[in-house]
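What follows draws every value from the coordinates through simple rules; no lab data is involved. Treat the numbers as computed from the prediction; the structure is a model and nothing was measured. Cβ sites come from the backbone with ideal geometry, for glycine too, and all protein chains shown count toward neighbours.
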Amino acid sequence: MKLGEPSIDQVRIFLAVVEQGSFGGAAKAMGRAVSAISYGIAQMEAQLAVTLFEREGSRRPVLTPAGEGLLPEARTLVDRVDALMAKARSLHAGLESSIGLVIDVMVPGEVIAAVLADFRATFPTVVLRLRVEALGAVVECLLGEGAQLALGGPIAGADPLLERHAIGEIELVPVAAPAHPLARPGIAAGESRRHLQLVLSDRSTRTEGREFSVLSPLTWRLGDLGAKHVLLRQGLGWGNMPRHMIAADLASGQLVELDLPERPGASYTLAALWRRDTRLGPATSWLIDAFRARLSKERPGRS
């Protein structure tokens, strides 16, 4: 059997019916007549030689097994077309004169340096204003201080005013100096609560009242990841650190990875963030692609 190719408009109609729960709801959402929605679904079914919805009597349309199976691909297709159109519109918008960029302190310095060196060579006329911040302060700069693009972690990406595009992840691991009591094998559950934990603090109020991988009531709050690194090596506490930042310390024995029952380490997902009411220009779009590619090289097989 030779199958046809449904149009992107037909796929959008299919997704609208799924999301709105009815042909009438899809028609209203898309600003069309119900007959146009019905015709679009019928054409897509004819092209693919499948029935997408059960439509008996006056019942609300229910996805058939075939419809369920095609739904993920339909969403992926529309997302990719939307991304292509957004990038095309940004190219037509013209090159930005300047970009305010905020980067999470967790992003490896080598990645930042490599990408920004390439950026300056590729876009020599674009002025780049760079800031490095932690946790919720990344969002503060993006929403309140005029930045156009941010690379932030899971906390930063939770704001409804922002678009979010995942670009990679950083592995966090619990570490301490080798003489620290938690460095010995066979640590019992709850033992970590008896020892000082060094915690990266948020200079903004966006995470006020929330804790992330904080196990001990005894904490020192530090706004500088470098200062935390130094105090850990001096044996003044334990805490999570990006693996790339302490890899040399682990290799030399200055720090050891802790085998705690609570497993406080985590995967710190990074995303490109920008305000939903702004349109990305070509240089900003280039930065997103470049950071995603560079972070992928840093962790082969991971996105």
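Counting each DSSP H run of 4 or more residues in the chain as -39500 (n - 2.57), what helix-only mean residue ellipticity at 222 nm follows after dividing by all residues, to the nearest 500 deg cm²/dmol?
Using -39500 (n - 2.57) per qualifying helix, the result is -13000 deg cm²/dmol.
DSSP beta bridges in region 107-248, what fraction antiparallel, as a percent rounded to 5?
Of those bridges, close to 45 percent are antiparallel.
What translational D, rounded to a whole number of µm²/s, comes out for the chain from Stokes-Einstein when the hydrodynamic radius is the Kirkwood one over Cα pairs, at 20 °C and 1.002 mPa s?
Here the translational diffusion coefficient equals 94 µm²/s.
To make sure I understand the rule: partners must be aspartates and glutamates, Cα under 19 Å from the Cα of K2, and not fewer than 8 residues away in the same chain. Which ones qualify?
E45
Tell me the relative contact order for the chain as a rounded percent, counting alpha carbon contacts under 8 Å between residues six or more apart.
Worked out over the chain, it gives 21 percent.
Where Lys and Arg each count +1 and Asp and Glu each count -1, what net charge lies around L232 among other residues with Cβ under 15 Å from its Cβ?
Summing Lys and Arg as +1 and Asp and Glu as -1 gives +1.
Please report the antiparallel percentage of DSSP beta bridges with both residues in the chain, rounded to the nearest 5.
60 percent
Could you estimate the translational diffusion coefficient of region 1-95 from the Stokes-Einstein equation, with Rh from the Kirkwood formula over C-alpha pairs, at 4 °C and 1.567 mPa s, in whole µm²/s?
91 µm²/s
Report the convex hull volume per residue for region 48-198, counting only C-alpha atoms, in Å³.
276 Å³
What is the local net charge at T51, summed over the other residues whose Cβ is closer than 13 Å to its Cβ (Lys, Arg +1; Asp, Glu -1)?
-3
Within 14 Å, Cβ to Cβ, of D249, how many net charges do the neighbouring residues add up to if Lys/Arg are +1 and Asp/Glu are -1?
Summing Lys and Arg as +1 and Asp and Glu as -1 gives +2.
Rounded to whole Hz and in sequence order, give me ³J(HN,Hα) for region 162-172 from the Karplus expression 6.51 cos²θ - 1.76 cosθ + 1.60, θ = phi - 60°, writing x for Gly and Pro.
After applying 6.51 cos²θ - 1.76 cosθ + 1.60, I find 10, 8, 9, 10, 4, 10, x, 8, 10, 8, 9 Hz.
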